[in-house]
Number of protein chains: 2
Amino acid sequence: MRTIQVIGIGSGDPDHLTLQAVAAMNRVDVFFTIDKGAAKTDLSALRTELLARHVTRPHRIVEAPDPRRDRAAEAYEAAVVDWQDRREALYERMIADELDDDGCGGFLVWGDPALYDGTLRILDRIAARGEVAFDVVSIPGISSVQALAAAHRLILNRIGRAFTVTTGRRLAEGGFPADADDVVVMLDARHAYAGLPDTDLDIYWGAYVGSADEVLVRGDLQQVKDEIRRVWTRERDRKGWIMDTYLLRRRVPEPDGAA
Amino acid sequence: MRTIQVIGIGSGDPDHLTLQAVAAMNRVDVFFTIDKGAAKTDLSALRTELLARHVTRPHRIVEAPDPRRDRAAEAYEAAVVDWQDRREALYERMIADELDDDGCGGFLVWGDPALYDGTLRILDRIAARGEVAFDVVSIPGISSVQALAAAHRLILNRIGRAFTVTTGRRLAEGGFPADADDVVVMLDARHAYAGLPDTDLDIYWGAYVGSADEVLVRGDLQQVKDEIRRVWTRERDRKGWIMDTYLLRRRVPEPDGAA
């Protein structure tokens, strides 16, 4: 039986790699990689570094172009599904053609396979089609949310409280959730934070968190939102791509006034 | 200047440790540890194993008893704050007494320092008191939420959607959040899931996730809730302590019927 390992490699710092991920990488016969457009150069460089530093057994790398996603589409979910359909066909072919019947394939994914990454979903769908059989192993990795929290020395939850992880798109559409005090926002390409009217929010923002390019801004949302947008634009222009994440925290007193 | 490193060591698997955590552990002069009651033996054993396997430089271990927390208190937050006050005094004394002026102290914490762990909060408060000066470094680790997701091969979010992380207490008090479809529950000592009337929820449950004792149950909440309670009781009686986590997922069709 084939095995496919989906291995979280952290969010930019090569030392985010876990010992479990290193061991998993050393079981892989074929690493499957997907071209990620503008971010490709940096991502490929990190992947190459990780393989060179940590993988001691012979392996192959099979690279495929990422199907283009229609980012202008009105129906966001439909566009994602269409793009995933094309990825699905591509992955199925790679697994069937490149892997022996008892071979081990590996996908190195940014952050954690459980957080805003579609690889596990695509593999589930390929398995359900039944054309090619394989087991799936998921290896957790340090996500950009965790790298953001560490960089700002934050605890994401407050004592006994909940927090929500959402996307920039949902924040732009629905505003700051009425019943939440702490909201982590991922995948915000449109500066959703800048459109919030709330005057009682602090923002803890970071881009390329964990990497050598890490930039951080924190403060009262209304006071720092223009600075964030400037830093975002400057860095995106400099590197050609950007990945940012932030926590929005409503200023409410904790019991006993603890911060 | 003293440095205090709060190092996430993952949620039970010694190989959850990141390379960053290993490097951080090798900068520590004094590891501070707290007695954790019933779970102490297993936790101490893992800590001892991690230090023996990975720390190559001389270091000391300073152990202090954990102040007892009043778990029967009506006011949960007040009880936590009172307990943290006593921890604060204890930590402040340990840092002042046991660490040289330029020394490096380390706390090894379960999971990730950013997720339902109070160490960073306590250190912030000690720093604010101004009696002892130190820098704080936070090193992210694999949380039990991530280990749960990996064990069940889950993606926590659905395409473009939000998810919420909350506590058993809040779930018991407020029920399944009306505006959420995916809710991760931590710190549930009272089987809050079993009291939910919802008939459209799946549960992905796990205890000791990532460790050799890992147990998993998944299925329709109403159909498996009694089994989870049985497994919980059996394992808690066997080991003397239990740490469990679960995802509640409302069954709603994804676009295109994808699972």
From zero outward in steps of 10 Å, how is the percent of C-alpha pairs of the range B:156-204 spread across the bins? 25, 60, 15, 0
Across the identical copies, how the A:ARG238 labels are spaced - nm, sorted shortest first, 7 Å along Cα→Cβ: 5.4
Choose one of B:GLY118, B:GLY206, B:PRO177: the residue whose Cα lies farthest towards the positive end of the charge dipole of chain B (beta-carbon charges +1 Lys, Arg; -1 Asp, Glu; about the Cα centre). B:GLY206
Please report the Cα spread of chain A along all three principal axes, rounded to whole Å, starting with the longest. 59, 40, 39
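What does the structure give for A:162-174 when I average, per residue, the other chain Cβ atoms found within 10 Å of the residue Cβ?
Per residue, the average neighbour count from other chains is 4.
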Apply the a/c threshold of 1.5 to the C-alpha gyration tensor of the protein assembly as shown and tell me whether it is rounded, prolate or oblate. rounded
Report the one residue of A:ALA147, A:THR167, A:PRO58 whose Cα lies farthest in the direction of the positive end of the charge dipole of the range A:36-186 (charges on C-beta: Lys and Arg +1, Asp and Glu -1; origin at the Cα centre). A:ALA147
Would you mind telling me which residue in A:ALA79, A:ALA24, A:ALA147 has the biggest mean-square fluctuation in a Gaussian network model of chain A, where springs connect alpha carbons within a distance under 10 angstrom? A:ALA79
Counting Lys and Arg as +1 and Asp and Glu as -1, each charge on the Cβ, what is the dipole of chain A about the Cα centre in debye, to the nearest 20? 460 debye
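Find out how many positive minus negative residues lie around A:VAL209, taking Lys and Arg as positive, Asp and Glu as negative, among other residues whose Cβ is under 13 Å from that of A:VAL209. Intermediate results must be reported in sequence, preceding the final value.
Working: positive: A:ARG153, A:ARG218; negative: A:ASP13, A:ASP213, A:GLU214, A:GLU235, A:ASP244.
Counting the neighbours of A:VAL209, the net charge comes to -3.
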Expected integer from the mean partner chain Cβ neighbour count at 10 Å over A:10-22 is 5
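Compute the accessible area per residue over the protein assembly as shown, keeping the other protein chains in place, probe 1.4 Å, unit Å². Show your work: numbers first, answer last.
On the way: 21840 Å² over 518 residues.
Counting only protein heavy atoms, the per-residue value for the protein assembly as shown is 42 Å².
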Round to the nearest 10 and report in Å² the accessible area of A:ARG47, as given by a 1.4 Å probe over the protein chains' heavy atoms. 40 Å²
If you wrap the range A:2-139's Cα atoms in a convex hull and average its projection over all directions, what's the area in nm²? 8.1 nm²
What do you get for GluC sites (Glu not before Pro) in the range B:71-175 restricted to DSSP loop and a cutoff of at most 16 other Cβ within 10 Å of the site's Cβ? B:GLU74, B:GLU131
Expressed as a whole-number percentage, the relative contact order of chain A with C-alpha contacts under 8 angstrom and at least six residues apart is 23 percent
Got the A:GLU98 label distances to the other copies yet, label 7 Å along Cα→Cβ, in nm, shortest first? 4.9
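Given the peptides A:137-145, A:116-124, A:201-209, arrange them by the average over their residues of other C-beta atoms within 10 Å, most packed first.
Numbers: A:137-145: 27.9, A:116-124: 20.4, A:201-209: 22.9.
Ranked by mean Cβ neighbours within 10 Å, highest first: A:137-145, A:201-209, A:116-124.
Have a look at the DSSP beta bridges in the protein assembly as shown and tell me what percent are antiparallel, nearest 5. Provide the component values of the computation, followed by the final result.
Details: 40 of 88 bridges.
Beta bridges within the protein assembly as shown, antiparallel portion: roughly 45 percent.
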Square roots of 5 times each gyration tensor eigenvalue, C-alpha, the range A:144-250, largest first, Å: 21, 16, 12
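I want the local charge near A:THR166. Using Cβ-Cβ distances under 13 Å, sum +1 for each Lys or Arg and -1 for each Asp or Glu among the other residues.
Working: positive: A:ARG169, A:ARG170, B:ARG158, B:ARG161; negative: A:GLU173, A:ASP179, A:ASP182, A:ASP188, B:ASP179, B:ASP181, B:ASP182.
Local charge sum for A:THR166: -3.
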With all protein chains in place and a 1.4 Å probe, A:THR3 shows an accessible area in Å² (nearest 10) of 40 Å²
Taking every residue of A:145-153, the Cβ atoms of other protein chains inside 10 Å of its Cβ average out to 6
Amide H contacts under 5 Å for B:THR167, restricted to residues at least 5 apart in sequence or on another chain and with H modeled in the peptide plane, are B:MET186
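What's the buried accessible area, both sides, between A and B using a 1.4 Å probe, rounded to 100 Å²? It would help to have the intermediate numbers written out before the result.
On the way: alone 13320 and 13320 Å², together 21840 Å².
Chains A and B together bury approximately 4800 Å².
Quick check: net charge around A:ILE228, other residues with Cβ under 10 Å of its Cβ, Lys/Arg +1 and Asp/Glu -1?
Around A:ILE228, the surrounding residues sum to +1.
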Sorted from shortest, what are the nm distances separating the label point of A:ARG53 from equivalent points in the other copies, each placed 7 Å from Cα along Cα to C-beta? 1.9
Given chain A, what percent of its DSSP beta bridges are antiparallel, to the nearest 5? 45 percent
About its Cα centre, what dipole magnitude does the range B:144-250 give when the only charges are +1 on Lys and Arg Cβ and -1 on Asp and Glu Cβ, stated in debye to the nearest 20? 200 debye
Percent carbon-and-sulfur accessible area, the range B:2-139, ignoring ligands, DNA and RNA, probe 1.4 Å: 47 percent
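The values are calculated or read from the model by the stated rules, or taken from the named source; none is laboratory data. For clarity, every value in this text was computed on a predicted model and none was experimentally measured. Glycine also receives a Cβ, built like all others from the backbone with ideal geometry; neighbour counts cover every protein chain displayed. Side chains are part of the model used for accessible areas, which takes the heavy atoms of the whole protein and leaves out ligands, DNA and RNA. Shrake-Rupley method; radii C 1.70, N 1.55, O 1.52, S 1.80 Å.
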